[in-house]
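In what follows, a structure is listed as structure tokens, so that the remarks can point back to it.
The values are calculated or read from the model by the stated rules, or taken from the named source; none is laboratory data. Keep in mind that this is a model prediction, so the values were computed, not measured. Cβ coordinates were reconstructed from backbone atoms using ideal geometry, including for glycine residues, and neighbour counts include every protein chain displayed. Keep in mind that these areas ignore ligands, DNA and RNA; they rest on the heavy atoms of the full protein, side chains included. Shrake-Rupley method; radii C 1.70, N 1.55, O 1.52, S 1.80 Å.
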Amino acid sequence: MNAPAKKTAALRNLGCKVNAYETEAMQQLLEEAGYEIVSFSEKADVYVVNTCSVTNIADRKSRQMLHRAKKNNPNGIVVAAGCYVQTKAKEAKLDTAVDLIIGNNQKQDLIAAIEAYKKDHSKNGSMTEISHRQPYENLSLTHTAGRTRAFIKVQDGCNQFCSYCIIPYARGRVRSRSFEEAVSEAKTLSQNGYQEVVLTGIHLSSYGADIGETLLHLIWEISKIKGIRRIRLGSLEPEIVTEPFAKALSQIETICPHFHLSLQSGCNATLKRMNRAYTTEEFYKSCGYLRKYFSHPAVTTDIIVGFPQETQAEFDETKAFLEKVRFYEMHIFKYSRREGTKAAAMPNQIPEETKAERSEILISLANEMSEEFRSYYIGKEVEALMEERVTLGGQTYFSGYTKEYVKVLCRTEQDFTNRFVKGSLIRNADGMYLMG
């Protein structure tokens, strides 16, 4: 008898690190169900697109990827999962490229949904009313695509309702992964060789609020796991970084002094229109606490330029505040009008050319501050976790990252994957940082 044909599946992730975690978890479900994973550009029996809806552009990219999948194999099953279909369910159901729809908090049901579709070809799929309180979705990982750093999703949803953001409508209310399951996954990943874990969530700072736990307690417990030598945190809200919080973190040897505090604007009037829950003065205090208890921590942030009604004076105020804080990295975003949010209906929307001009100014400032931060380490001994082999100018190197997430290169012909290497940093003519 001929052996049964292999079932194949391809996945494509769009959007944030939480989406990336969920995509890898769905891949693991497919592998366990007997699917061979192939490239998204190849012909596959099943295509899973984990969509994003953070901006109108993200919606468009999600639709484009779904149509690309159907073009790759018109007879394949195209699964639209995630935020875009959660916020635009009617559009997705009318899209001829989409065979099956799976909303947020239902990705754990992927295999059952595919098997049900094979029987009755119903596009309705697995959708839930995300605005109602839901239990935490049961997704987990034993391995990840990367071989050194593993993301652990511990939280979902957001209760903030910032005026520019669609995510509370796409992801629903705050819900936390059980303390035991999060710790258990970290143990499994450690046993499988991962030495660095990154705790992530849609609103990570709210972890535990609904289950009587705290993010700090979770970090402490994971830090006790044998084999975990680094714990990195996803994006934090500045309100969580009190002096006791910063002091407690500094006492955890494995914590990476690399903190992403979401700012969005350096102007209090703009922050108020954004419905952010802090002032620039409070944000600056949080940065100060981190710098008090950590030696030269990497503090990074996000900035939105051209928010509705942003005057030149408000932009100048933001720029001055950024210069005062001195970030390691800044991710600069031009405000993108998002249908369904309060900001989209605000008067005095900023012209695109003004957004572009302001964006370029802040990108230039970001590059200057990033170079300043990295230069601090020249001549100093650092430790980096090596990740992958790279070839530059005919020479072989391994690249990796320090605890502060400074990328370094180590010249070697050996396989240094997942190894810690110590050395002092130097810079060559190309501005590269090399392990000396």
* Structure fact -> Within the range 297-328, restricting to residues that are within 25 Å of the chain's Cα centre (by Cα) and assigned to a loop (DSSP other than H, G, I, E, B), the one that is surrounded by the most Cβ atoms within 10 Å (Cβ to Cβ) is PHE307
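Does the range 351-372 include one or more residues that are among the aliphatic types (A, V, I, L, M), farther than 28 Å from CYS256 by Cβ, surrounded by fewer than 19 Cβ atoms within 10 Å (Cβ to Cβ) and without any contact (Cβ under 8 Å) to a residue 24 or more places away in the chain?
Keep residues of the range 351-372 that are among the aliphatic types (A, V, I, L, M), which gives 356, 361-363, 365-366, 369.
So of that shortlist, the ones also farther than 28 Å from CYS256 by Cβ come out as 356, 361.
Filter once more, keeping what is surrounded by fewer than 19 Cβ atoms within 10 Å (Cβ to Cβ): 356, 361.
This time we only want the ones that are without any contact (Cβ under 8 Å) to a residue 24 or more places away in the chain, so: 356.
The answer is yes; a qualifying residue exists.
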* Taking the condition at negative phi and open to solvent by 60 Å² or more (accessible area, probe 1.4 Å), does PRO347 pass? -> yes
* Asked: Is one or more of the residues making up the range 38-49 open to solvent by 10 Å² or more (accessible area, probe 1.4 Å), basic (Lys, Arg), modelled with pLDDT of 95 or more and not in a loop (DSSP other than H, G, I, E, B)?
  -> no
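A quick yes/no check of all residues on (1) among the charged types (D, E, K, R); (2) within 21 Å of GLU339 (Cβ to Cβ); (3) open to solvent by 20 Å² or more (accessible area, probe 1.4 Å):
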residue	(1), (2), (3)
GLN134	no, no, yes
THR142	no, no, yes
ARG147	yes, no, yes
LYS153	yes, no, no
ASP156	yes, no, no
CYS165	no, yes, yes
PRO168	no, yes, no
* To do: Taking GLU404 as the residue in question, decide whether it is open to solvent by less than 40 Å² (accessible area, probe 1.4 Å) and among the acidic types (Asp, Glu).
  => yes
